[in-house]
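The structure appears right after this line, and notes come after that.
Any read-out appearing in this document is the output of simple, stated calculations on the displayed coordinates, not a laboratory observation. Since the model is a prediction, treat every value here as computed from it, not as a measurement. As a convention, Cβ positions derive from the backbone with ideal geometry for all residues, glycine included, and neighbour counts pool all protein chains shown.
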Amino acid sequence: MSVDGDAVRLRTEADEPGWEVDPNDEWGVAVIATVGRQLKLRREAIGMRVAEFAAVMGYGDDLVYKVESGKRIPRQEYLDRADEVLGAGGLISATWEDVKKVRYPKKVRDLAQMEAKAVEIGVYECNGIHGLLQTREHARAVIGAAQPPYSPDDVERMVAARLARQSVLERSPAPAISFVLEEGALRRPIGGTMVWRQQLERLSEVGRFHNVVLQVMPMDCEAHSGMDGRIELLKFADGTAVGRSDGAFNGRPTNDPKHLRILELRYGTLRAQALSPRESLAFIEQLLGER
């Protein structure tokens, strides 16, 4: 790709949500500022101007300035290319371990921790099997299919982290957890037939836990209240709650009572439109019998 073409690509990336530093995230700001300062010092140490560095990197000047000033979260491929251009011997590439932890807003990162504290969890998953329900092999297949691809080590770390979250399913005292999954997601043989069957068997098993309600949204439901995307609701012992939806409030977690009422209405309607828990388990068993 030409330098001009790369510059156009990066201008597009520069406007993409989720890669700007949240000024209220003190830890995130510190991490990105430190990485940016290291990049700038190494560039200056070998006598490269911003324009020259940007041209060699294949990125626009504006993005280089933003990264070096700590205003922009660099992608992994940016750090890897910078490591190569600056001859850093892997030191710049290694900063991705810290950068990837802050690439999403702090509230989004905190949501995973909140799952471990919630007394009620409600989830509608529109495109796949929710992470709390995935088998190791299914998770590995899903994460391994990402583009650009993760390294094998990154895949295994992400799989381990996803499975660790599943301890919430059997926590004592047990939280009340409900899932609504799309029929289409259950039919997709991710990882191959054997992995697919093991995943369905896991759903059948978890769906029988005393604290779990599992429902399937049938494909013959022409339209429903989750068409905008995933919904997640968490409630805590002190009466507070937090929710998130792909199709509302910019996808950010919210604890605003008005927003929560909207999400609860959508999720409650979804559950009413889905198959009952008994029908859903029977449907999963039916799928298992088809192959």
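Below, the figures for the structure above:
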| quantity | calculated |
| --- | --- |
| Size of electric dipole in the stretch 120-194: Cβ of Lys, Arg +1 and of Asp, Glu -1, about Cα centre, debye, nearest 20 | 100 debye |
| FRET E, pair residue 101, residue 77, Förster distance 22 Å, beta-carbon r, rounded to 0.05 | 0.80 |
| The chain: radius of gyration over Cα atoms, expressed as a fraction of 2.2 N^0.38 Å | 1.16 |
| Normalised contact order of the chain, rounded percent, pairs of Cα under 8 Å and 6 or more residues apart | 16 percent |
| Over 18 Å [Cα-Cα, the stretch 37-157], rounded percent | 63 percent |
| Those trypsin sites (Lys or Arg not before Pro) in the stretch 198-237 that DSSP places in a loop and that have at most 11 other beta carbons within 10 Å | 208 |
| Where labels lie 7 Å past Cα in the beta-carbon direction, separation of residue 56 and residue 150 in nm | 3.2 nm |
